[in-house]
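The values are calculated or read from the model by the stated rules, or taken from the named source; none is laboratory data. These numbers come from a predicted model, not from an experiment. All Cβ positions, glycine included, derive from the backbone under ideal geometry; neighbour counts span all protein chains shown. We work out accessible area using only protein heavy atoms, side chains counted, and drop any ligands, DNA or RNA first. Shrake-Rupley method; radii C 1.70, N 1.55, O 1.52, S 1.80 Å.
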Amino acid sequence: MSRRKAAIHREVLEDAVYGNKVVSKLMNAIMEDGKKEVAEKIVYGALERLKKIHKDELRALLDAIDAVKPSVEVKGRRVGGATYQVPVEVSGLRQQTLALRWIVAAAKKRGERSMTERLFGELRDILNGNSASLKKKIDTHKMAEANKAFAHFRW
């Protein structure tokens, strides 16, 4: 991360099927070694399976991502030789990035056979209220709440 000026954010193109940038970002988060077509098959396959449970699979995906978005996180601040975990509010773009990152990481750790099934299972569990990525969000919020005393180190 540059200390001189803010990073330049590139605009992400909408995906082909849903015309949604969030779906495209999910594909990019899943993609490994530049294999975009494989990532597309995974995401579209998971959304097809999600369609069987929910009428509007895109709405369900966006609801799942919104459920995982953190509002606060902790950042390490070094003050006088000691490092404090200072709670800071999370910007909208970072909220979405963290949510997608946590969903993909939790899906990769699951036990199903294919990544499509894993992603579908993770999205289903988020919508049902018991998933590893939701637990990650809750733990992040608890950590920020526990370190509220150090909020005055924020600058």
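At a glance:
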read-out	value
Efficiency of FRET between residue 52 and residue 89 - r from beta-carbon atoms, R0 25 angstrom, step 0.05	0.10
Qualifying aspartates and glutamates (Cα of each under 14 Å from Cα of residue 41; at least 8 residues distant if same chain)	15, 32, 117
Estimated FRET transfer efficiency when R0 is 22 angstrom, pair residue 12-residue 101 (beta carbons, to 0.05)	0.90
FRET efficiency, residue 109 to residue 141 (Cβ-Cβ, R0 35 Å, nearest 0.05)	0.95
Distance violations [Cα-Cα > 21 Å] among 21/51; 108/135; 55/109; 75/108	55/109; 75/108
Sum of side-chain charges, residue 113 neighbourhood, beta-carbon under 15 Å (Lys, Arg +1; Asp, Glu -1)	+3
Net charge of Cβ neighbours under 12 Å - reference residue 59; Lys, Arg +1; Asp, Glu -1	-2
Residue-normalised accessible area of the chain, expressed per residue, 1.4 Å probe, Å²	64
Length added when fully stretched, residue 149-residue 82, from 0.36 nm per residue minus Cα-Cα	22.6 nm
Alpha-carbon centroids, the range 137-153 and the range 1-78: separation in whole Å	26
Sulfur and carbon atoms: percent of accessible area, the chain [1.4 Å]	51
Helix-only [θ]222 nm of the chain, DSSP H runs n ≥ 4, -39500 (n - 2.57) each, per residue, nearest 500	-18000 deg cm²/dmol
